[in-house]
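Read the figures in this text as sums done on the coordinates, not as results from a lab. Quantities reported herein were computed from a predicted structural model and do not represent experimental measurements. Glycine also receives a Cβ, built like all others from the backbone with ideal geometry; neighbour counts cover every protein chain displayed.
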Amino acid sequence: MMSVLFTPGYLSVLEGWILYRYAKKTPFPIVEIGSWVGRSTLFLAHGSLDGHGQKVYAIDTWLGSEEHEGMPELVTLEEKFDHNIASCGFDAPVVKIRGHSQEIDMSCIPSKIGFLFIDGSHDYNGVKADFNRFSPRVVHGGFVAFHDVADYAPGVKAFVENEMPEEWDLEIHANSLAVFRRCR
Ligand SMILES: C[S@@+](CC[C@H](N)C(=O)[O-])C[C@H]1O[C@@H](n2cnc3c(N)ncnc32)[C@H](O)[C@@H]1O
């Protein structure tokens with residue numbers, strides 16, 4: 001578990017621990033949109049291995065989001081993800097899916113998802129499109145988490161605060177991570 005704490009990325013340790021807990025409890029596959037170099041992916045993978053051993057589907061273009069434009073790191077992003085997953089010290093149950101979340105072939109994604117983590121595009125339409133495309137596959141009693149529900153990401157915040165359908169109940173909002181449970 002230690003190596004994930006040193007994997008760079010955008011999650012606080014508290015947020016990572018929450019992902020770990022939800023990944024641990026789900027008996028269905030886990031889907032992540034937006035992996036960067038694997039910090040959140042590894043928290044999810046650890047949780048899964050300590051729980052039901054479900055696969056973690058990691059979807060990313062490895063080209064960066066709107067806010068990363070021009071960052072020199074982008075050139076080696078995917079290579080760093082591969083390296084971090086391969087050298088984490090355990091056999092991570094990660095299925096890598098390279099592509100845009102709105103364009104990937106949905107037959108690569110399980111028909112039942114236990115935990116969906118959305119951290120790809122941070123603009124309003126991008127978050128909404130990701131929720132609309134993937135959340136119908138989340139099982140009843142399953143979970144969706146959004147990262148960057150905060151003033152610095154107004155599109156994410158607006159969607160999560162105003163547009164979540166009523167069959168989703170807020171379970172926890174800690175730092176900028178909000179987790180909802182599908183109650184119907
Ligand atoms: C903020 S980073 C994710 C951070 C990561 N979850 C962590 O723990 O550090 C956002 C990632 O989403 C990817 N991305 C952005 N929009 C995407 C989309 N529509 N489809 C797939 N990947 C996307 C970017 O390439 C980037 O790696």
| In whole percent, what relative contact order does the range 1-159 give with Cα contacts below 8 Å and a gap of six or more residues? | 24
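Can you tell me the alpha carbon radius of gyration of the chain divided by the globular rule-of-thumb value 2.2 N^0.38 Å?
0.93
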| Where does the charge balance sit around residue 174 when Lys and Arg score +1, Asp and Glu -1, over other residues with C-beta under 14 Å from its C-beta? | -2
| request: Mind giving me the FRET efficiency for residue 150 and residue 17? R0 is 22 Å, r the Cβ-Cβ distance, nearest 0.05 is fine. | output: 0.75
| Once phi is turned into θ = phi - 60°, what whole-Hz ³J(HN,Hα) does the Karplus curve with 6.51, -1.76 and 1.60 give for every residue of the range 56-61, x standing for Gly and Pro? | 10, 8, 9, 9, 7, 7
| note | Quick calc: nm separation of the 7 Å Cα→Cβ label points for residue 175 and residue 75 -> 3.0
| note | Taking chymotrypsin sites (Phe, Trp or Tyr not before Pro) in a DSSP loop with at most 16 other Cβ atoms within 10 angstrom as exposed, one finds the longest site-free stretch of the chain at 11-89
| remark: The answer for residue 95, listing residues at least 5 apart or on another chain whose modeled amide H is closer than 5 Å to its amide H, is 56, 57, 58
| field | Order of 74, 42 under a 10 Å beta carbon neighbour criterion, fewest first | value | 74, 42
| field | Surrounding net charge for residue 110, when Lys and Arg each add one and Asp and Glu each subtract one, Cβ distance under 12 Å | value | +3
| task | Take residue 55, project a point 7 Å from its Cα along the Cβ direction, then tell me which residues of the range 92-106 have their backbone nitrogen under 14 Å from it. | result | 92-98, 105-106
| ³J(HN,Hα), Karplus 6.51/-1.76/1.60, whole Hz, each residue of the range 11-26, x for Gly, Pro | 9, 6, 5, 4, 5, x, 5, 5, 4, 4, 4, 6, 5, 5, 8, 7
| note | Expected vector for the range 111-123, Karplus 3J(HN,Hα) from phi with 6.51, -1.76, 1.60 and θ = phi - 60°, integer Hz, x for Gly and Pro, equals 6, 10, 10, x, 8, 10, 10, 10, 8, x, 5, 10, 8
